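One structure is given here, and the rest of the page talks about it.
Read-outs throughout are calculated quantities, based only on the coordinates presented, and are distinct from any laboratory measurement. All of these numbers come straight from a predicted model, not from anything done at the bench. For neighbour counting, all protein chains shown are included, and Cβ atoms are generated from backbone atoms with ideal geometry for every residue, glycine included.
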Amino acid sequence: MPDTIDQDYDPLLDTGSYMNSKQLKYFKNLLETQKNELLETIKPKIESVANPDFASGDEGDITANEIQRGINLRLGDRQSKLIKKIDEALLRIDNGDYGYCSVTGNEIGIKRLIARPMTNFCIEEQNRRDIDEKIHENYEEAEYLLNLDAPVPDDD
């Protein structure tokens, strides 16, 4: 059961210290609500994957059911990963680390946490990671393009 906090509470207007008890309760409630909503949406997807409907012998229906089953698996996997991130954020609240960048130790900021309450990186660190990822993607693409003209080795 989530801790109770005034329904009109806005952490942006809180003049207390950063990550005070009211802010932590607010984010804990927000994360628990998001987790419960995800669990409710994932439940039917898991059930449809666990109990596929192959009652019809029609190949088109079977194919459509398999496609839907695959979509449900991917959606369920994505939602499961999000639930894991929420659980990690809830653990950071319990440990007293919530709201601080796990790399730099800097404050993440209330605005960023409202937008992405499960984040564990400040905006500077996230931007650095995004740039590194783009560089890596561009490097892999360039490497692929450079190898297009490479001779194909013989299997002999």
What are the lysines whose alpha-carbon lies under 29 Å from the alpha-carbon of LYS111, with same-chain residues fewer than 8 places away excluded? LYS22, LYS25, LYS28, LYS35, LYS81, LYS84, LYS85, LYS134
Sites ASP94 and GLU141, calculated FRET efficiency, Cβ-Cβ separation with R0 35 Å, nearest 0.05: 0.25
Sorted by packing (mean other beta-carbon atoms within 10 Å per residue), highest first, where do 88-96, 106-114, 136-144 land? 106-114, 88-96, 136-144
What is the set of long-range amide H partners of TYR100 at a cut-off below 5 Å, with H atoms built 1.01 Å from backbone N? ILE108
Gain on full stretching of the segment that runs from ASP130 to THR104 - 0.36 nm per residue minus C-alpha separation: 7.8 nm
